[in-house]
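Input: a single structure, listed below in C-alpha cells.
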Amino acid sequence: MDNTRKIVYLDHAATTPVDPVVKETMLPYFDEVFGNPSSLNGPGQRAREAVESAREEVASLIGARPEEIIFTSGGTESDNAALKGVALARHREGNHIVTTAVEHHAVLESCRFLEKNGFSVTYLPVDADGIVDPDDVKKALTDKTIIVSVMHANNEVGTIQPIDAIAKIVRPRGIYLHTDAVQSLGHIPVAVHELGVDLLSASGHKFYGPKGVGIIFIRKGAKFASFLHGGDQERRRRASTHNVPGIVGFAKALEIAVAGMNEEAEKITRLRDRLIAGIRERISDVRLNGHPERRLPGNVNCSIAYVEGESLLLNLDMEGIACSTGSACTSSSLEPSHVLSAMGLPPELSHGSLRFSLGRNTAAEEIDYVLAVLPSIVEKLRAISPLYKKKVKAQ
Ligand code: PLP
C-alpha cells in the first residue's frame, strides 16, 4: 500500500483531524501540568485552573454559565447522560419521552434501554427532507412527558431542525428539551438560550478537537441524576478524574471554530454546492438527500440509483477518496440507513447512498478530482447491474 499518497478526506462528519494549534495547546497538559485537578497540591491546582478556564471559555462560547457545563467522554456519553439522567431524576413526574426517528444511535439506543425499564417513547416521523414538524411534537406531548430530545443537525443528511420553534412548544409545559448538537457545534451558531434548550450534547472530535471529550450543558436548576458515581468531580454530576489535555483541547478547538465560523462556512458551502451541481450534471438518476437549504455547510448526501453505496465507497477509496455510506458508527451493518428510511427512501435508493462531508481544509481541486473520478466508477458499476441494464433496455 502506498502510504505517501495524499488522501482526499471527505469524511469530516465522522471525525476531523486535530487542529495543529489545538495539539500544541494540549501538549503541556500531558507532562508539565499533569496534576490531578481534584488534588489540593500545587500541580493539582494548576490542572484545576486549566479545567476551570476551559469551562468558562466553552460556556461563554455557547451562551451558558460555567456551572452549566459538564465535561464528558464525548457525544455518546452526553446523549446517554441527558436521557437517562433526566429519566432517573424525573421518573416520579412522568415516564414519557419524545424523540425522532432520525436521531443518532446514542439517543435511540438510550431510549430503547429506557423503554425496557418502564418508560414509553414516541419516535416522531420526519418529512422527505428530514425535518420534524413542531406540530407533531405538540401532538405527541402528554401530561406524562418529561423530556423531548431532537437533534440540532443530522449526522447523515445534515438537515437542521427547528429547535427554537420546538422549544416554544415544549418548555412552557415544564418539559425539558434536549438537543444533540454533536454535528452542529463549531460549524453553525449554537447558543443555548437562542435555541431554548435545557440540555445539549457536543463532542470535541467533530470540530478539530481531540476524540474522547465532550460536554453536556444542563440548564441551571434542571433536575438531573448522575449515573457515574464515585468522586466529587463536576459538582457530583459526573465522577472520574478529568481528562485535562482533552478538556483544554476541546475549549481551544471551539474557540478557533467559532472565530472562523462565518468565513469557513461560506467557503465550505461554495465547495459543497459545486460538488452537488457537478454530481447532478455528470450522473443520471441521482437524488440529493436532506433539506436543500436547511443543511450543514459541509454535508452532501446523495443516492445514486442502480449502484451499491459500499461498492462506490470502496472504489472511491482505491482512488484515494475517503467518504462514507452513512454514519460511521453503523457502517458495518447491512441494514438501510434508519435516517433515509424515515425520510421515505426505498431500500434500493438507501443502499446507493454516499455521504461526502467537507471540512476546513477541503480544496476546490479535491472536489474537481471527485467529479472526475466518480462518474466513471458509477458507469463501471452500472454496467454490471442487471437492474440498470433492464432500465436502459426499457427506454
Ligand atoms: N451524536 C451525533 C449526531 C453524532 O454524529 C455522533 C458521532 O458520530 C455522536 C452523537 C457520538 O459522538 P461521540 O463519537 O463523541 O461519542
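List of remarks:
- Odd one out for Val307 among (1) part of a helix (DSSP H, G or I); (2) not assigned by TED's automatic domain parsing to the domain that holds Gly204: (1)
- There is no residue in the range 201-212 that is farther than 21 Å from Ile321 by Cα, away from the ligand (no atom under 16 Å from the Cβ) and either surrounded by 15 or more Cβ atoms within 10 Å (Cβ to Cβ) or among the β-branched types (Val, Ile, Thr) (or both).
- Some residue of the range 207-228 being on the phi < 0 side of the Ramachandran plot and either acidic (Asp, Glu) or assigned to a helix (DSSP H, G or I) (or both): no
- In a residue-by-residue description of the range 1-10, the property of being in a helix (DSSP H, G or I), without any contact (Cβ under 8 Å) to a residue 60 or more places away in the chain and farther than 30 Å from Ile276 by Cβ applies to no position.
- The residue that is modelled with the lowest pLDDT, counting only those in the range 213-226 that are in contact with a helix residue (DSSP H, G or I) (Cβ under 9 Å, 6 or more places away or on another chain) and more than 16 Å from the ligand (Cβ to nearest atom), is Ser226.
- Here Ser73 fits the description: within 16 Å of the ligand (Cβ to nearest atom) and either outside the structural domain of Ile247 (by TED's automatic domain parsing) or surrounded by fewer than 21 Cβ atoms within 10 Å (Cβ to Cβ) (or both).
- Residue under evaluation Val248, criteria (1) part of a loop (DSSP other than H, G, I, E, B); (2) in contact (Cβ under 8 Å) with a residue 24 or more places away in the chain; (3) more than 24 Å from Ala363 (Cβ to Cβ), criterion not met: (1)
- Where Pro297 falls short, out of the listed (1) in a helix (DSSP H, G or I); (2) within 16 Å of the ligand (Cβ to nearest atom): (1)
- For the range 121-128, the criterion of being assigned by TED's automatic domain parsing to the domain that holds Asn95, in a loop (DSSP other than H, G, I, E, B) and within 16 Å of the ligand (Cβ to nearest atom) is met by at least one residue.
- Tally of residues being within 13 Å of Leu88 (Cα to Cα) and either surrounded by fewer than 19 Cβ atoms within 10 Å (Cβ to Cβ) or away from the ligand (no atom under 16 Å from the Cβ) (or both) across the range 105-114: 2
- When residues of the range 78-91 are limited to those that are among the charged types (D, E, K, R) and surrounded by fewer than 22 Cβ atoms within 10 Å (Cβ to Cβ), the one farthest from the ligand (Cβ to nearest atom): Arg90
Residue by residue, here is whether (1) in contact (Cβ under 8 Å) with a residue 40 or more places away in the chain; (2) farther than 19 Å from Ile131 by Cβ; (3) outside the structural domain of Asp143 (by TED's automatic domain parsing) holds:
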residue: Ala181; (1), (2), (3): no, no, no
residue: Val190; (1), (2), (3): yes, no, no
residue: His193; (1), (2), (3): yes, yes, no
residue: Val197; (1), (2), (3): no, no, no
residue: Gly209; (1), (2), (3): yes, yes, no
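- Some residue of the range 366-381 being among the β-branched types (Val, Ile, Thr), within 31 Å of the chain's Cα centre (by Cα), assigned to a helix (DSSP H, G or I) and surrounded by fewer than 20 Cβ atoms within 10 Å (Cβ to Cβ): yes
- Only one of Thr25, Thr16 that is within 16 Å of the ligand (Cβ to nearest atom) and among the hydroxyl-bearing types (Ser, Thr, Tyr): Thr16
The values are calculated or read from the model by the stated rules, or taken from the named source; none is laboratory data. Note that this is a predicted model, so its numbers are computed, not measured. Note that we place each Cβ from the backbone using ideal geometry, even for glycine, and neighbour counts take in every protein chain shown.
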